[in-house]
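Asks: One structure, as structure tokens, below. Some questions next.
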Amino acid sequence: MTRTPSLSRRALLGGAAAVGGALVVPGAALAGAAPAFADGAADVPINYHAYTRPGDWFAGHADGAAVRAGRRAGVYLARPAGTTAYTDPHTNTTRRYEYATWTSPVYRLGFGATELVASWNADAPEGTWIQVEMQGSYTDGKTTPWYVMGRWTAGDGDADIRRTSLDGQGDDYSGVYTDTFQVDSDDAANGIALTSYQLRLTLYRTAGSRQTPFVYRLGAFASNVPDRFDVPASTPGLTHAVELPVPRFSQDIHAGQYPEYDNGGEAWCSPTSTTMVLYYWGKKPTARQLAWVDPSYADPQVDQGARYTYDYQYEGCGNWPFNAAYAATYGGLDTIVTQIRSLNEAERLVARGIPVVCSVSFYASELDGAGYNTSGHLLVIVGFTADGDVIVNDPASADDDAVRHVYKRHQFETIWLRTKRHLSNGKIGSGSGGVAYLYKPVDLPWPTVTDHRNPNWA
């Protein structure tokens with residue numbers, strides 16, 4: 001059966017429904033230890049865990065997959081474990097594929113989680129793709145089905161499948177909503193939660209091909225963020241203003257462009273935010289890659305991001321793992337989806353030179369200076385003022401020059417970290433609970449945030 005919880009946080013957050021004096025620090029120059037902070041919400045259980053090292057991959061069970069060691073260890077299709085036919089529901093094309101699988105060890109959380117989102121970094125040449133699945137155990141000893149968390153490929157050529165989430169998955173306690181596993185709110189209130197999980201990769205290639213996908217990071221965050229309309233105000237932890245020189249791109253200047261991708265640029269907050277951070281790290285599409293974009297369009301890299309993050313089932317560009325996976329295709333980056341407990345953790349990341357792409361929802365009256373309402377929006381934290389207010393690149397802006405905004409600290413913290421919000425029709429809406437995309441160079445260490453048992457975030 002399929003469960004439809006009354007408050008599915010992931011039902012949101014596809015695109016924006018949008019009716020100085022700081023120290024500028026180049027991100028690549030920041031090394032050294034991160035400053036220490038007193039977290040405003042350190043007791044919220046959030047755990048991100050990943051498989052990235054040779055020992056991680058060798059610890060799993062492989063059927064036809066093999067481990068490639070080296071600087072970026074991962075798994076690839078070494079020999080077919082079998083063949084199968086796949087009919088792409090978005091093209092009605094049926095092809096035969098060879099496949100291999102890799103299954104992680106059981107990962108025990110140490111707390112009961114009500115939500116999980118997987119993400120990955122991979123190469124997928126033309127004619128290859130991957131499927132990521134999750135199976136978990138509940139507090140009452142029952143197990144979930146193997147839930148499909150995404151079917152992904154890097155391209156969208158004639159030989160490629162269409163990237164897609166999978167609707168209609170669920171059991172008595174939970175379901176998958178686009179990219180998010182979620183325990184039904186009523187069952188969670190009765191103590192049902194996830195205590196452990198496994199991830200499974202299936203690597204596909206066109207039958208007879210010698211190509212192979214290569215997956216070099218597979219992870220997930222699991223969490224149990226409490227239901228809350230507000231969050232405790234965190235105390236600013238930086239001693240001075242910091243602002244990262246993240247390029248500014250507006251989604252609004254793309255309104256009406258390529259409506260086959262979520263009705264055009266007015267809904268492209270997620271790929272626009274991803275593109276801003278990619279350009280900050282010097283990762284750009286080539287002129288050849290951008291040749292398909294109408295040459296009269298400004299910032300064609302944003303159109304590129306929309307095309308290659310588009311989820312054909314969700315019919316939007318806001319699939320969280322697809323954005324991280326797209327960013328990783330530019331090479332040399334660790335890209336993950338996780339949750340953040342407080343702005344203190346965001347300060348640690350920014351102090352290390354890492355911008356934070358945030359998933360938020362709000363009315364204009366809840367965020368002074370925004371000037372629009374949104375049921376789901378992505379924007380980028382690029383810094384903090386000396387008083388601790390939040391400097392963001394907000395793609396829901398009239399043009400590139402208007403993208404920089406400063407928002408009040410507690411207002412921003414609330415619209416990002418809450419899980420519930422009051423709607424104007426008297427009903428209860430939802431929030432992301434602190435969901436973030438984090439992209440950084442491989443050689444730049446993670447600061448210690450989110451998972452105190454895994455301080456280096458694998």
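Asks: Quick one: in the stretch 58-109, of everything that is part of a loop (DSSP other than H, G, I, E, B) and under 27 Å from residue 138 (Cα atoms), which residue is nearest to the chain's Cα centre (by Cα)?
Replies: Among those residues, the one meeting the criterion is 104.
Asks: Would you check if there is a residue in the stretch 108-117 being out of contact with any Leu (no Cβ under 6 Å at 6 or more places or on another chain), at pLDDT below 95 and more than 19 Å from residue 437 (Cα to Cα)?
Replies: The answer is yes; a qualifying residue exists.
Asks: Can you name the condition, by its number, that residue 377 falls short on among (1) within 18 Å of the chain's Cα centre (by Cα); (2) closer than 21 Å to residue 44 by Cβ?
Replies: Residue 377 satisfies all of (1) within 18 Å of the chain's Cα centre (by Cα); (2) closer than 21 Å to residue 44 by Cβ except (2).
Asks: Further question: Working carefully through the options 27, 15, find the one that is closer than 30 Å to residue 365 by Cβ and at pLDDT below 50.
Replies: Answer to the check: 15.
Asks: Here's another thing I want to ask about it. All but one of (1) buried (at least 23 other Cβ atoms within 10 Å of the Cβ); (2) out of contact with any Pro (no Cβ under 7 Å at 6 or more places or on another chain) hold for residue 120; state the number of the condition that does not hold.
Replies: Status for residue 120: all satisfied but (2).
Asks: Output yes when any residue across the stretch 48-58 is touching a helix residue (DSSP H, G or I) at 6+ places or on another chain (Cβ under 8 Å), crowded, with 17+ Cβ neighbours inside 10 Å and polar (S, T, N, Q), and no when none is.
Replies: Looking for residues that are touching a helix residue (DSSP H, G or I) at 6+ places or on another chain (Cβ under 8 Å), crowded, with 17+ Cβ neighbours inside 10 Å and polar (S, T, N, Q), one finds none in the stretch 48-58, hence no.
Asks: Give the stretch 417-428 a look and list any residue that's outside any strand (DSSP E or B) and within 23 Å of the chain's Cα centre (by Cα), or say none.
Replies: Hits for the stretch 417-428 are 417, 418, 419.
Table: residues versus (1) of a type in the set (S, T, N, Q); (2) within 30 Å of residue 43 (Cβ to Cβ).
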residue: 136; (1), (2): no, yes
residue: 164; (1), (2): yes, no
residue: 195; (1), (2): yes, yes
residue: 198; (1), (2): yes, yes
residue: 218; (1), (2): no, yes
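Asks: Okay, moving on. Which condition does residue 414 not pass, out of (1) of a type outside the set (D, E, K, R); (2) more than 22 Å from residue 250 (Cβ to Cβ); (3) under 17 Å from the mean Cα position of the chain (by Cα), if it passes all the others?
Replies: All conditions are met except number (3).
Asks: So, one more: How about the stretch 272-281: which of its residues are of a type in the set (Val, Ile, Thr) and either out of contact with any Pro (no Cβ under 8 Å at 6 or more places or on another chain) or not in a helix (DSSP H, G or I) (or both)?
Replies: Within the stretch 272-281, 274, 275 qualify.
Asks: Is it the case, given these coordinates, that residue 101 is hydroxyl-bearing (Ser, Thr, Tyr) and in contact with a Ser or Thr (Cβ under 8 Å, 6 or more places away or on another chain)?
Replies: Yes: the conditions hold for residue 101.
Every residue, every condition in (1) of a type in the set (A, V, I, L, M); (2) touching a Pro at 6+ places or on another chain (Cβ under 8 Å), yes or no:
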residue	(1), (2)
315	no, no
321	no, no
326	no, yes
334	no, yes
354	yes, yes
358	no, no
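Asks: Every residue in the stretch 257-281 that is under 28 Å from residue 350 (Cβ atoms), of a type in the set (S, T, N, Q) and surrounded by fewer than 22 Cβ atoms within 10 Å (Cβ to Cβ), please.
Replies: Across the stretch 257-281, there are no qualifying residues.
Asks: Residue check, residue 253 against (1) surrounded by 24 or more Cβ atoms within 10 Å (Cβ to Cβ); (2) outside any loop (DSSP other than H, G, I, E, B); (3) hydrophobic (A, V, I, L, M, F, W, C), all met but one. Which one?
Replies: (1)
The values are calculated or read from the model by the stated rules, or taken from the named source; none is laboratory data. These numbers were taken from a predicted model, which means no experiment stands behind them. Glycine gets a Cβ as well: all are built from the backbone with ideal geometry, and neighbour counts include every protein chain shown.
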